[in-house]
Each structure stands twice: as C-alpha cells, then as structure tokens.
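Q: Here's a structure for you.
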C-alpha cells in the first residue's frame, strides 16, 4: 500500500531505509525475547501444576480435619482456641528479573522458630482433630507460599508474553512490509524520474543537434 | 515488610490464624469485594481467597492479575476444590500462547 502522502525523495528513502533496519533488528530481538519468555513460562506452568495439586490436597486434608474438629467442639471453644496465635509470619518480598519482567520472590520468616509452636492453645480443652488440621495447614503453608510466587510469576509472564507477541506480530506483518512497500514505491518513482530525465536530455540533445545542423546548412549552401 | 491475608468463609480460614496469617472471614459477596480492594491497597503481598468466594469476584480478581502486588491466589475452601485454580492456569496459558492448547 503506497500511500499518496509520502514524498518520493532521496531523503525520505534514506529515512525509510533506516527505519526498516531498526524495525528488522527490533523484530529479531523481540522474537528472541518472546521465545525465551515462553520457555520460562512453560517451566513455571509445569511447576504451578505440581504445586497446586499438592496444595489442594493438603488443604483438603486440613479442611476435613477441621470440619471434624468444629463438629466436636462448640464454635465458641474453637474460636477461643484460635483467638490468640502464637505464631506470626512476616513476609519479605524481593524481585527477580526474568527477561526484564519483574517477578516477586517471597521469603517469609516466622516469629517462632519451633515448628511445634503452632498450637496456640492448651491441649486439655480441644479435640485432637484440631491439632491434625493445624498440622496439615502448617505443612501445606510452605507450598502455598511457593504457589503464590509461581502463580504471580505466571500471571506476569503471561501478560508480558502477550504484549511481546503483539509487538512481534505488528512488526512482522504491518511495520516491516509497510516500510518495504514504501521503499519500493520511492525507488521506483526515483528510477522513473531518472529515466524521464534521460529521455528528456536525449530529446534536448537531438533538438540542439538539429538546430546546429540547420544553422550550418544555409551557411554551406 | 509485607503481610499475608486469607479471605473466605469462616470455617475455611479460621485455621490459618494459628499460622500467624491475617484472616478476614466474610460471608457476603459485597463485603468480600470491599475487603479485597481494601487489602490490596494496604501492604498485603499475598491474598489467599477461597474458590467459593472467588466465583463471585472473578472480575475483581482479574484486576490484580497484571499488578505485582498483591498476588491473589485461589485456594480450595471447605467445600473442596472447584477446579478454579486450574482454570486460572489454563487462562494464563491461553493468554500467553494466543490459542487454547490442551
């Protein structure tokens, strides 16, 4: 599509050639970026699947135990038992750069180092199922945290892959062909002008020669 | 320093309290939505939300998909897994690849 708005000049041609070069280089770079992102993404997806299955299984276990516990204990007792947690969790977040996508990395530390310290109640008034539920939760928590990290990474990567993919496609199917078409148009126009110029010069030369000839003839006659 | 929140119905989230997470038991959808947005504005880096609750809030959850914080993560509630987490995974793949790959 050679639009009528471009000037068929040598300057424009040079400018377009420069842009085409940049676009081609950008296209190659973005394509590499997309491929690498995709590779990382698929790895993360695989990890995510594993973790999610693990977490869901763990939580199901915890929920089952918890349901039994809440059936055995009165809601008030349950509430009271869990009212004041011994444990507290603090989360540190750092960032990891995957192909210029910043993804979070979580590191958590608990106030209480002892893993047996999760039970915030005395054992006298609570049912054993509650212990089992909390135990299952505590065991799953590590995976849950990793799941959060992996899932967020996956979401961010997916968004970025989509963006990169669009850019690659736009360059490949719109920008680069457009530039090529325009360059072709300008160089054809310039060549045409050149040919026009040559024929005009030849014509002028002919006319000049003719004139000189005619000028000479009466002189000799 | 960031915090972790757990959002869902009372029975599903109560246990997380013992782990030291902040729990927000909610029953109504509207209440849950407001809580979610409020938590997102505060420094909660991870918000776990039960799938049962998430079914009604999918639009609100999608809003946080492209921002770095918070990470809104679906977990199965006391009713068991609804497969929503796996569905979210599938959606992310579809988004990245541009086509549904099985």
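The values are calculated or read from the model by the stated rules, or taken from the named source; none is laboratory data. Only a predicted model underlies this, so the values are computations on that prediction, with no experimental measurement involved. We place every Cβ from the backbone using ideal geometry, glycine too, and count neighbours over all the protein chains shown.
Q: Going through the stretch B:25-47 one residue at a time, which ones are touching a helix residue (DSSP H, G or I) at 6+ places or on another chain (Cβ under 9 Å) and closer than 18 Å to residue A:105 by Cβ?
A: Matches in the stretch B:25-47: B:45, B:46, B:47.
Q: Answer yes if at least one residue in the stretch B:51-64 is part of a helix (DSSP H, G or I), modelled with pLDDT under 90 and more than 12 Å from the chain's Cα centre (by Cα), and no otherwise.
A: To start, the set of residues in the stretch B:51-64 that are part of a helix (DSSP H, G or I) comprises B:51-62.
Pick out the ones that are also modelled with pLDDT under 90 and you get B:51-62.
Adding the requirement that they be more than 12 Å from the chain's Cα centre (by Cα) leaves none.
Checking the stretch B:51-64: not a single residue is part of a helix (DSSP H, G or I), modelled with pLDDT under 90 and more than 12 Å from the chain's Cα centre (by Cα).
Each row is one residue, and each column tells you yes or no for (1) at pLDDT 95 or above; (2) surrounded by 10 or more Cβ atoms within 10 Å (Cβ to Cβ).
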{"position": "A:160", "(1), (2)": "no, yes"}
{"position": "A:163", "(1), (2)": "no, yes"}
{"position": "A:203", "(1), (2)": "yes, yes"}
{"position": "A:217", "(1), (2)": "no, no"}
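Q: Turning to a different aspect of this structure: Being surrounded by fewer than 12 Cβ atoms within 10 Å (Cβ to Cβ), more than 30 Å from the chain's Cα centre (by Cα) and over 21 Å from residue B:88 (Cβ atoms) is true for just one of A:198, A:183. Which residue is that?
A: Numbers: A:183 fails: surrounded by fewer than 12 Cβ atoms within 10 Å (Cβ to Cβ).
Step by step, each of A:198, A:183 is checked, and only A:198 is surrounded by fewer than 12 Cβ atoms within 10 Å (Cβ to Cβ), more than 30 Å from the chain's Cα centre (by Cα) and over 21 Å from residue B:88 (Cβ atoms).
Q: Let me ask something additional. Given the conditions (1) within 13 Å of another protein chain (Cβ to nearest Cβ); (2) over 12 Å from the mean Cα position of the chain (by Cα); (3) part of a helix (DSSP H, G or I), and given that residue B:88 satisfies all but one, which numbered condition is not satisfied?
A: Here residue B:88 meets the rest and fails (2).
For (1) closer than 28 Å to residue B:43 by Cα; (2) in a loop (DSSP other than H, G, I, E, B); (3) within 32 Å of the chain's Cα centre (by Cα); (4) in contact (Cβ under 8 Å) with a residue 40 or more places away in the chain, each residue gets a yes or a no:
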| site | (1), (2), (3), (4) |
| --- | --- |
| A:52 | yes, no, yes, yes |
| A:56 | yes, no, yes, no |
| A:61 | no, no, no, yes |
| A:69 | no, no, no, yes |
| A:77 | no, no, no, yes |
| A:85 | yes, yes, no, no |
| A:93 | yes, no, yes, no |
| A:103 | yes, no, yes, yes |
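Q: Applying the selection to the stretch B:59-81, what residues are more than 9 Å from every other protein chain (Cβ to nearest Cβ) and over 19 Å from residue A:147 (Cα atoms)?
A: Selection gives B:59, B:60, B:63.
Q: Next up: Please pick out the residue among A:25, A:19, A:46, A:34 that is surrounded by 19 or more Cβ atoms within 10 Å (Cβ to Cβ), part of a helix (DSSP H, G or I) and more than 9 Å from chain B (Cβ to nearest Cβ).
A: Working: A:25 fails: surrounded by 19 or more Cβ atoms within 10 Å (Cβ to Cβ); A:19 fails: surrounded by 19 or more Cβ atoms within 10 Å (Cβ to Cβ); A:46 fails: surrounded by 19 or more Cβ atoms within 10 Å (Cβ to Cβ).
Of the residues listed, the single one that is surrounded by 19 or more Cβ atoms within 10 Å (Cβ to Cβ), part of a helix (DSSP H, G or I) and more than 9 Å from chain B (Cβ to nearest Cβ) is A:34.
Q: Name, by its number, the condition in (1) more than 7 Å from chain A (Cβ to nearest Cβ); (2) surrounded by 22 or more Cβ atoms within 10 Å (Cβ to Cβ); (3) not in a helix (DSSP H, G or I) that does not hold for residue B:24.
A: Going through (1) more than 7 Å from chain A (Cβ to nearest Cβ); (2) surrounded by 22 or more Cβ atoms within 10 Å (Cβ to Cβ); (3) not in a helix (DSSP H, G or I) one by one, residue B:24 breaks only (2).
Quick grid of which residues meet (1) within 25 Å of residue A:42 (Cβ to Cβ); (2) in contact (Cβ under 8 Å) with a residue 60 or more places away in the chain:
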{"residue": "B:8", "(1), (2)": "no, yes"}
{"residue": "B:17", "(1), (2)": "no, no"}
{"residue": "B:47", "(1), (2)": "no, no"}
{"residue": "B:50", "(1), (2)": "no, no"}
{"residue": "B:56", "(1), (2)": "no, no"}
{"residue": "B:71", "(1), (2)": "yes, no"}
{"residue": "B:94", "(1), (2)": "yes, no"}
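Q: Looking at the stretch A:131-158, which of its residues are in contact with a helix residue (DSSP H, G or I) (Cβ under 7 Å, 6 or more places away or on another chain) and either more than 8 Å from chain B (Cβ to nearest Cβ) or free of Cβ contacts under 8 Å to residues at least 12 places away in the same chain (or both)?
A: Once the filter is applied, which keeps residues that are in contact with a helix residue (DSSP H, G or I) (Cβ under 7 Å, 6 or more places away or on another chain) and either more than 8 Å from chain B (Cβ to nearest Cβ) or free of Cβ contacts under 8 Å to residues at least 12 places away in the same chain (or both), the stretch A:131-158 yields A:132, A:136, A:139, A:140, A:141, A:143, A:146, A:150, A:153, A:155.
Q: Looking at the stretch A:67-81, is at least one residue in contact with a helix residue (DSSP H, G or I) (Cβ under 6 Å, 6 or more places away or on another chain), surrounded by fewer than 20 Cβ atoms within 10 Å (Cβ to Cβ) and either modelled with pLDDT of 75 or more or farther than 30 Å from residue B:89 by Cβ (or both)? Outline the logic, then answer.
A: So the first thing to find is which residues in the stretch A:67-81 are in contact with a helix residue (DSSP H, G or I) (Cβ under 6 Å, 6 or more places away or on another chain), and the list is A:68-70, A:78.
When the remaining residues are screened for being surrounded by fewer than 20 Cβ atoms within 10 Å (Cβ to Cβ), the result is A:68.
Now narrow it down to the ones that are either modelled with pLDDT of 75 or more or farther than 30 Å from residue B:89 by Cβ (or both): A:68.
Within the stretch A:67-81, one or more residues are in contact with a helix residue (DSSP H, G or I) (Cβ under 6 Å, 6 or more places away or on another chain), surrounded by fewer than 20 Cβ atoms within 10 Å (Cβ to Cβ) and either modelled with pLDDT of 75 or more or farther than 30 Å from residue B:89 by Cβ (or both).
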